[in-house]
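S.K.: Please read through the structure below; I'll follow up with questions.
The values are calculated or read from the model by the stated rules, or taken from the named source; none is laboratory data. All figures in this text were calculated on a predicted structure; none of them were measured in a lab. For neighbour counting, all protein chains shown are included, and Cβ atoms are generated from backbone atoms with ideal geometry for every residue, glycine included.
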Amino acid sequence: MSESAPHLLPAVDPARCRDLVSRFSSGHVLVLGDVMLDKFIVGRVTRISPEAPVPVVAFDHETFRIGGAANVAHNVAALGGHVTLVGVTGQDDAATALTQACRVAGIAPHLVSDIARPTTTKTRVVTDRNQQVARIDHEDDRPIAGDVEQRMLTYVRQHAARAGAIVVSDYRKGAVTRGVVAAAVAAAPKGVPVLVDPKVPHVDDYAGATIVTPNHLEAELATHLRIRNHEDARQAARRFRTRANCQSVVMTRGDQGMWLLTDGVEGYLPASAREVADVTGAGDTVIATTALALAAGATLVEAIRLANEAAGIVVGKFGPAVVSTGELLARIE
């Protein structure tokens, strides 16, 4: 392959895409990592406060969504797949709300409770026009250890055996340790891929993973390379793969699309989004769709083609959102 001619990844026949999507319902994905609850307090800005130069928001209503690794699992379930979720919560009302919301979404939650930490909760104050005013985070991001980590490892080993793909969703909130990743890699049945949505300080912990999915900024920070074009992306993906000691790299580049590096194939996909409302959770959609497609029998190129289309849909929605098989099929057509 010419170093000066980045390769556009091959198209996938729509009939093949439809066949893969029809098999999503037979796929089972194990998702493990940092679960969280997203709380939205919605109101209308009425004036500027006389106490400080900040807007006064008149409360209208509040909503909850499941986030982090739970949003990855929600994406798998929304696409018709079977999904088991392993993570860590506190012993609080947020943990109860998150567990109940997972079950409603069709997720099988196996969450380790840790009395020493709160359930990670992000509270966003937003206007009725979807403009964010403030965010308050309740969290304890110390790495899990001792009995909590051992219970996490037990769940990972227990549920890996029947998974068609395993996703490690690392938000650096404490649930993803080197031991947890190693357990997932070791417990994966032969031929079952382990996908990691990374955080840069943990890159050296992902050794043995099948696929790691850094975004543009994470790839730059991990490789100390500036990525301005496809050739830069090529070099960064190669260096990232070496550092992470993984088999394949899928780099998401926002409006510049995606870059794939795997054995025998490297190239790019242009972005699929038609309009962008909110990029929150787009990476969750990419890794969830990729994992479910692989569990359904797709090649990696086919899987990221489907993931690219799914991401193009989800960025048109507000907040952590999901894509249905109907939306994905309509986009394929």
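S.K.: If I ask for residues that are in contact with a strand residue (DSSP E or B) (Cβ under 9 Å, 6 or more places away or on another chain) and assigned to a loop (DSSP other than H, G, I, E, B), which ones from the stretch 94-128 would you list?
M.R.: Within the stretch 94-128, 105, 106, 107, 114, 117, 118, 119, 120, 128 qualify.
S.K.: Right, something else. Quick test of your reading of the structure: residue 64 fulfils all but one of (1) at pLDDT below 95; (2) surrounded by 14 or more Cβ atoms within 10 Å (Cβ to Cβ); (3) over 20 Å from the mean Cα position of the chain (by Cα); (4) not basic (Lys, Arg). Name the failing condition by number.
M.R.: Exception for residue 64: condition (3).
S.K.: Only residues that are under 29 Å from residue 63 (Cβ atoms) and in contact with a helix residue (DSSP H, G or I) (Cβ under 7 Å, 6 or more places away or on another chain): list them for the stretch 292-311, please.
M.R.: Result: 292, 306, 307, 309, 310, 311.
S.K.: Give the number of residues within the stretch 265-279 that are surrounded by fewer than 15 Cβ atoms within 10 Å (Cβ to Cβ) and either at pLDDT 75 or above or over 20 Å from the mean Cα position of the chain (by Cα) (or both).
M.R.: Counting residues in the stretch 265-279 that are surrounded by fewer than 15 Cβ atoms within 10 Å (Cβ to Cβ) and either at pLDDT 75 or above or over 20 Å from the mean Cα position of the chain (by Cα) (or both) gives 3.
S.K.: Something else: Determine, yes or no, whether residue 163 is crowded, with 24+ Cβ neighbours inside 10 Å, out of contact with any Phe, Trp or Tyr (no Cβ under 8 Å at 6 or more places or on another chain) and either in contact (Cβ under 8 Å) with a residue 40 or more places away in the chain or assigned to a helix (DSSP H, G or I) (or both).
M.R.: So residue 163 fits the description; yes.
S.K.: For residues that are charged (D, E, K, R) and touching a strand residue (DSSP E or B) at 6+ places or on another chain (Cβ under 8 Å), scanning just the stretch 284-333, find the one that is nearest to residue 37 (Cα to Cα).
M.R.: 284
S.K.: Also, quick follow-up: If you go through the stretch 142-151 one residue at a time, do you hit one that is without any contact (Cβ under 8 Å) to a residue 40 or more places away in the chain, under 20 Å from the mean Cα position of the chain (by Cα) and surrounded by fewer than 17 Cβ atoms within 10 Å (Cβ to Cβ)?
M.R.: yes
S.K.: Name, by its number, the condition in (1) crowded, with 18+ Cβ neighbours inside 10 Å; (2) over 27 Å from residue 163 (Cβ atoms); (3) at pLDDT 95 or above that does not hold for residue 289.
M.R.: Answer for residue 289: the failing condition is (2).
S.K.: Only one of 255, 204 is within 24 Å of residue 183 (Cα to Cα), acidic (Asp, Glu) and surrounded by fewer than 20 Cβ atoms within 10 Å (Cβ to Cβ). Can you tell me which?
M.R.: Just one listed residue meets the conditions, 204.
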